[in-house]
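Structure, as structure tokens:
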Amino acid sequence: MAATSLEHHLAAQAASPSTGSRLPVATGNNTLWEMVLDLTGSLVTQLLRQQCHSGNGVPISTILPNHMVAAMELTGDVTARFILSVSERQQKIIATSMLPEGSLENEPQEVIEDTVLELVNVICGNVVAEASRRGVTLDILPPYTVRVPSTGLPTPDLCDAFTVPLQLEDGETLELILLIER
């Protein structure tokens, strides 16, 4: 699936040239992070079978609590954490789209949670492949669930942190958070 997703992204990227940065000016490697946003939107569209548009990045100092927060570490030429924060309804949309049966009736909660982790894994795996094509070396570690306290989780001091809304055509908005080490 990764090659198909990557080919789909490359075709979409060639058809629609970039209109400028959606990231805070202070963030380094803007071209790489723009690719991450574009590829995330393309893959969410493909995997959830509905259009997804990423908004502008907004600097944050705290990760807010949500039903599920899934993360994956990116290491190599840059170090960052890719985080997807979803509500319970959004988690069910993801699970319904990614499970072969398409029904959640008899699925245990851990299987539903695994679909969000797998979505993060698929996106980041494609990011690594596209980054390599562009001459940037990245590796990924396994995805994991982040437990965010009700008061929020402060972002690390040595990171540029921002949130990017991922607007779905059904009106739902997933939250992509990038923590980029300086």
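The values are calculated or read from the model by the stated rules, or taken from the named source; none is laboratory data. Since we're looking at a predicted model, the values are computed, not measured. Cβ coordinates were reconstructed from backbone atoms using ideal geometry, including for glycine residues, and neighbour counts include every protein chain displayed.
Only strands (runs of 3 or more DSSP E) wholly contained in the stretch 61-160 count here; list those with 1 or more residues that are loosely packed, with under 15 Cβ neighbours inside 10 Å.
It comes to 68-76, 138-140.
When you check Gln46 against the structure, is it out of contact with any Phe, Trp or Tyr (no Cβ under 7 Å at 6 or more places or on another chain), outside any helix (DSSP H, G or I) and at pLDDT 90 or above, yes or no?
Here the answer is no, as Gln46 does not meet what is asked.
Which of (1) of a type in the set (Gly, Ala, Ser); (2) in contact with a Cys (Cβ under 7 Å, 6 or more places away or on another chain); (3) within 18 Å of Glu181 (Cα to Cα) is the odd one out, the single condition Gly41 does not satisfy?
(3)
Each row is one residue, and each column tells you yes or no for (1) at pLDDT 95 or above; (2) closer than 14 Å to Ala71 by Cα; (3) not hydrophobic (A, V, I, L, M, F, W, C).
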residue: Pro100; (1), (2), (3): no, no, yes
residue: Leu104; (1), (2), (3): no, no, no
residue: Thr115; (1), (2), (3): yes, yes, yes
residue: Cys124; (1), (2), (3): yes, yes, no
residue: Ala129; (1), (2), (3): yes, no, no
residue: Thr145; (1), (2), (3): yes, yes, yes
residue: Ala161; (1), (2), (3): no, yes, no
